[in-house]
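Since the structure comes first, as structure tokens, the remarks are kept for the end.
The values are calculated or read from the model by the stated rules, or taken from the named source; none is laboratory data. The model shown is predicted, which means the values in this text are computed figures rather than measured ones. Here Cβ is always computed from backbone atoms with ideal geometry, including for glycine, and neighbour counts include all displayed protein chains. Calculation scope for accessible area: heavy atoms of the full protein, side chains included, ligands and nucleic acids excluded. Shrake-Rupley method; radii C 1.70, N 1.55, O 1.52, S 1.80 Å.
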Amino acid sequence: MTSNPLSKRERRFVHVFVLTLAICFSPLKAMAFVAPFVFIAGLIFYARISLINHLLKYAMALLSFVGISVIYFLLMPEVDLFNALLFLVTAGSFLVLLYDLRSIATVALLRRISIVALIFVLIESLLGIGQGMIGFLRNGRFDIGSGDIVRGTIDPLATAPPAASNVMFAILLSTLLILLFGTSPARLSPVRLAVLGIGLVAWVLASVMHTLFFFSIATVVSLILMVRLVWTVRWARWRSSGFLALAGILICGGLFAFALLPNNLQLTPYLLRLTFEFGTDSPSEKTRATYNTLFLLPQEAPLQPLIGLGPGQYSSRASLIRSGQYLSGGRLPLPNHVHPLAERYILSEWYSFLINRPNGGSTFFPFYSWLSTYGEFGWMGVAGVVTLILLALRTFRRARSVEFPRLHLAMTILLLYVALLGVQDNYWEIAQAIFPAFLILRVGYSYLGRCRRGAEYLVPEATTGRTTFNQAGLVHMVKS
């Protein structure tokens, strides 16, 4: 079936989408902080997608956040409201989840952003492979430190200090590869196959092992979730569903990793063993911080297990930046501040990490998104995140697209991948790495929601009216 050409709003959405990707891949890393806000402002004022509704929605969200922060301040005197405001900035990627994209999540739009993803993947991957070759010529190998200079356009000359640029590159590239896989037709063209292969090589060369492991776990779990109780084994069904393509990707990725990153793979069992030695005397700062947060923190803050210490007060990126001990946080136009309990249970482990592991990676960081969610919002916050994940999984598992038969599987993988990244570092607050993933999940959720309601090919007519959905979920127009 053919799709209608892009509407004016859809074209403008694509423009904002391209701008967002350009910001995230830009060497100007500070710009990435505002990428979610640039995107949302672009949708409201440039694409004008339900302008009034979303202005009111975000105003209500802001007032609600301020109200919640004030409640924390009244309940817990140590709460700093500037930290809460900084958290709103660092966690801005979540705000895109509030935007209703059902009116523009059409076949034509997904085809266009798939082409955009293909172009970005090709350019970034070729540059990344070139950087990987330079690392090989310098060090005689692709792993260990060579992957640190595989940064794409984030640092095209690879002259700046690493600052996790290769990690940002790997997460961005893997996110676009998942999108490209999900928005490809049933039969992959040679061009798409080639771009997927080139992108996979560049991803492996970045040597960010946890992204490869998490993707593999997310893929296996997604395939299990997608299996039906009654499954007819037919070649065409296996091929179109993406099972065989994913199996090929996993096999090729594994072969690339074994061939190019043997030293990194040999180190993995040792890192896992240290991580899972749970207790106060664990050799891992991450594990000790987790133990202290679960068992010692509640003894000093009885309300913490239920509601946490408040946004930006414990182990979130906002708290660490404000402390002045992380990512040049002291350059903020504010005096340094740290919550006493964050100092005791998080920053003390961070100091240990800086002293004992000057070249250590995020495997030992004493902070990560799931820990920050629990520390700052308690079990209520964790339950809220888990509920969002389960609701999205239900839609992805039940919806099917005729146009993009692998999209539901790709969105499931991306969702689980993002969730798993939250056990490594505070990635959910690093917009440069994670915002495109949140955005793609929002678009995929909106599109598959339409598919589930039988509205995959039903698009609004060109009109000045506004788009709404009736009780059946079908699109109809209301004249202005």
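Sort out for me the helices (runs of 4 or more DSSP H) sitting completely within the range 38-154 that have 3 or more residues that are open to solvent by less than 10 Å² (accessible area, probe 1.4 Å) and more than 30 Å from GLU300 (Cβ to Cβ).
107-139
Suppose the filter is surrounded by fewer than 24 Cβ atoms within 10 Å (Cβ to Cβ) and either charged (D, E, K, R) or in contact with a Phe, Trp or Tyr (Cβ under 8 Å, 6 or more places away or on another chain) (or both); does ALA218 pass it?
yes
In the range 1-37, how many are modelled with pLDDT of 90 or more and in a helix (DSSP H, G or I)?
Residues in the range 1-37 being modelled with pLDDT of 90 or more and in a helix (DSSP H, G or I): 21 in total.
Quick check on the range 345-357. Is at least one of its residues closer than 30 Å to LEU75 by Cα, open to solvent by less than 30 Å² (accessible area, probe 1.4 Å) and among the aliphatic types (A, V, I, L, M)?
Yes: the range 345-357 contains one or more residues that are closer than 30 Å to LEU75 by Cα, open to solvent by less than 30 Å² (accessible area, probe 1.4 Å) and among the aliphatic types (A, V, I, L, M).
Only one residue in GLY312, GLY361 is farther than 27 Å from PHE82 by Cα, out of contact with any strand residue (DSSP E or B) (no Cβ under 6 Å at 6 or more places or on another chain) and not β-branched (Val, Ile, Thr). Which one?
It is GLY361.
Look through the range 9-37, keep the residues that are closer than 15 Å to LEU176 by Cβ and among the β-branched types (Val, Ile, Thr), and return whichever of them is surrounded by the fewest Cβ atoms within 10 Å (Cβ to Cβ).
Only one residue fits best here, namely VAL18.
Tell me, which residue of the range 438-456 that is open to solvent by 10 Å² or more (accessible area, probe 1.4 Å) and basic (Lys, Arg) is nearest to ARG397 (Cα to Cα)?
Looking at the filtered set, the residue picked out is ARG452.
Could you grab me the full set of residues in the range 74-94 that are among the hydrophobic types (A, V, I, L, M, F, W, C) and under 13 Å from the mean Cα position of the chain (by Cα)?
ALA91, PHE94 - these are the residues of the range 74-94 that are among the hydrophobic types (A, V, I, L, M, F, W, C) and under 13 Å from the mean Cα position of the chain (by Cα).
Only one of these is at pLDDT 95 or above and open to solvent by 70 Å² or more (accessible area, probe 1.4 Å): TRP370, TRP379. Name it.
Checking each option against the conditions leaves just TRP379.
Look at the range 182-219 and say how many of its residues are in a helix (DSSP H, G or I), touching a residue at least 60 places away in the same chain (Cβ under 8 Å), polar (S, T, N, Q) and farther than 20 Å from SER165 by Cα.
Looking only at that region, the number is 1.
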